[in-house]
Amino acid sequence: LIQFQKGQTPTPPPFEIFLCFGEEWPDQKPKEKKLITVQVVPVAARLLLEMFSGELSWSADSIPLQISHPDLKDRMVEQFKELHQLWQSHQRLPLAQPPPG
């Protein structure tokens, strides 16, 4: 993710996790042809990628989560807002000049 943010790699890192149940995998069959596959998307990973690529919408309603604690989603969005603000302020800091001599 850091390499992608710095422009050192052209594509973002994958953050989806695919699980296959009842069959061997990986094999020659594509995941779309498996009987049971599950795609897990870690929300924190997706938010970090969106934050570093500049595509992040900070609306709490835009995060499709089903969490047993409804305020957890809002706290998580607030924490990512703080992280994003820290990252932006760090990006604006001038590079420190080495001491003379």
Selection count where residues are surrounded by 10 or more Cβ atoms within 10 Å (Cβ to Cβ) and assigned to a helix (DSSP H, G or I), scope the range 1-32: 4
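Name every residue in the range 76-98 that is surrounded by fewer than 12 Cβ atoms within 10 Å (Cβ to Cβ) and at pLDDT 75 or above, in order of residue number. Steps first, please.
Of the range 76-98, the ones surrounded by fewer than 12 Cβ atoms within 10 Å (Cβ to Cβ) are 82, 85-86, 88-98.
Correct list: Glu82, Gln85, Leu86, Gln88, Ser89.
The values are calculated or read from the model by the stated rules, or taken from the named source; none is laboratory data. These numbers were taken from a predicted model, which means no experiment stands behind them. FYI the Cβ positions are ideal-geometry reconstructions off the backbone, even for glycines, and counts take in every protein chain you see.
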